[in-house]
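First the structure, in the form of structure tokens, and then the observations on it.
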Amino acid sequence: MSRILTIGAAQLGPIAPEESRASAVNRMIELLKQAGDRGCNFVVFPELALTTFFPRYYEEDISKMDRYYEREMPGPETRPLFEEASKRGIGFYLGYAELTPDGHRYNTAVLVDETGKVTGKYRKVHLPGHSEYEGQRPWQHLEKRYFEPGDLGFGVWRQHGGIIGMALCNDRRWPETYRVMSLKGAELIVLGYNTPDVNTSAFEPNHLRMFHNHLTMQANAYMNSCFVVGTAKAGVEDGCMLIGGSCIAQPSGEIVSLATTVEDELITSTIDLDLAKMGKETVFNYARHRRIEHYGIIASQTGVELPPELADAAE
Ligand code: CDV
């Protein structure tokens, strides 16, 4: 199977709170048509791509938010997207809110092959924000209220001639996300995001939001010798500005395609997955160079444990 793929990041502009699933799906179908015209094999949609970013709204009774969750994937309203993609032979990644039959809620993404079959599922591990209303914030970020931490780990799947891994938004800021997947051979890591242009818990100069967005994906593309595709939901959504900057980064860490708007926009790049080999066989040949005897606390400790104070150390 060819290892040369044309991939697309299908950025979405804002989705209003009252916008229907059908409307969001139609917008994605329009982007899929463009992707087909440009010869794409695989397209990456954003995190929570079917609705507004609802964790910005506080609701005492979580079940009152059920309208934002999908009980099946595909379901009646999302099936047209799967049908359009399979008609065009395009695989995709789609982020959505999942409500399981036994009542669990996850921030989820699925991987779909070129026949429209769901081949993989990922549930967001690193949930940012808070679980209770916090009045000092300009917008709430209640992911910890509306979702449980993902229980599936960081999987990878053989698809489209390569090894593909999935992540969601805040996961992209954590090196562990990429390293676990690259230890399973990931050559292409795909993720969607909803990132407000301000830090709602502390002051941070505005421009740093975009800088960190790209820094994390580019640095980890390089350090794990893989392609990274990050797709935004962007623009002013119910008064909250979400950054765009959807991009495709190659294993050198360079961005090879970058969105220029904060609207529905498809960016594409034709990539050769073999480019991921060079780093994996040289500087980042893990079998040869990793020193796991020194990495133990990464997997056994969460918070920081400081060294003894100087005065104590001198005793
Ligand atoms: N949806 C997200 O995970 N957003 C976070 C924000 C809260 C910082 C992000 O990492 O972009």
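Details
- Elements of type helices (runs of 4 or more DSSP H) in the stretch 214-315, at least 2 residues being open to solvent by less than 60 Å² (accessible area, probe 1.4 Å) and of a type outside the set (S, T, N, Q): 275-281
- Residues that are closer than 10 Å to PHE147 by Cα and in contact with a Phe, Trp or Tyr (Cβ under 7 Å, 6 or more places away or on another chain) within the stretch 82-108 comprise ALA97, GLU98, LEU99, ARG105, TYR106, ASN107, THR108, listed in sequence order.
- Some residue of the stretch 131-139 being under 22 Å from MET166 (Cβ atoms) and surrounded by fewer than 21 Cβ atoms within 10 Å (Cβ to Cβ): no
- Flag for PRO55 being touching an Asp or Glu at 6+ places or on another chain (Cβ under 7 Å) and open to solvent by 10 Å² or more (accessible area, probe 1.4 Å): no
- Residue pairs whose Cβ atoms lie under 9 Å apart, sitting 6 or more positions apart in sequence or on different chains, and linking a residue in the stretch 172-194 that is free of Cβ contacts under 8 Å to residues at least 24 places away in the same chain and in a strand (DSSP E or B) to a partner that is surrounded by fewer than 18 Cβ atoms within 10 Å (Cβ to Cβ) and not hydroxyl-bearing (Ser, Thr, Tyr), do not occur here.
- In this structure, GLN159 does not satisfy being within 11 Å of the ligand (Cβ to nearest atom) and surrounded by fewer than 22 Cβ atoms within 10 Å (Cβ to Cβ).
- Which listed residue, of PRO149, PRO205, PRO175, PRO196, is within 15 Å of the ligand (Cβ to nearest atom) and buried (at least 17 other Cβ atoms within 10 Å of the Cβ): PRO196
- Annotation: ASN220 fulfils all but one of (1) farther than 25 Å from LEU50 by Cβ; (2) of a type outside the set (A, V, I, L, M, F, W, C); (3) touching an Asp or Glu at 6+ places or on another chain (Cβ under 9 Å); (4) within 14 Å of the ligand (Cβ to nearest atom); the unmet one is (3).
- In the set GLU77, GLU47, GLU70, only one residue is on the phi < 0 side of the Ramachandran plot and either more than 19 Å from the chain's Cα centre (by Cα) or exposed (fewer than 14 other Cβ atoms within 10 Å of the Cβ) (or both); that residue is GLU77.
- Strands (runs of 3 or more DSSP E) contained entirely in the stretch 29-130, each with at least 3 residues that are away from the ligand (no atom under 16 Å from the Cβ): 91-99, 105-112, 118-123
- Selection count, the stretch 24-44, where residues are open to solvent by 20 Å² or more (accessible area, probe 1.4 Å) and in contact with a strand residue (DSSP E or B) (Cβ under 6 Å, 6 or more places away or on another chain): 4
- So GLU187, is it buried (at least 18 other Cβ atoms within 10 Å of the Cβ) and in contact with a Phe, Trp or Tyr (Cβ under 7 Å, 6 or more places away or on another chain): yes
The values are calculated or read from the model by the stated rules, or taken from the named source; none is laboratory data. Computed from a predicted model, the values in this text were never measured in an experiment. Counting neighbours? That spans all protein chains shown, and the Cβs are built from the backbone with ideal geometry, glycine included. We work out accessible area using only protein heavy atoms, side chains counted, and drop any ligands, DNA or RNA first. Shrake-Rupley method; radii C 1.70, N 1.55, O 1.52, S 1.80 Å.
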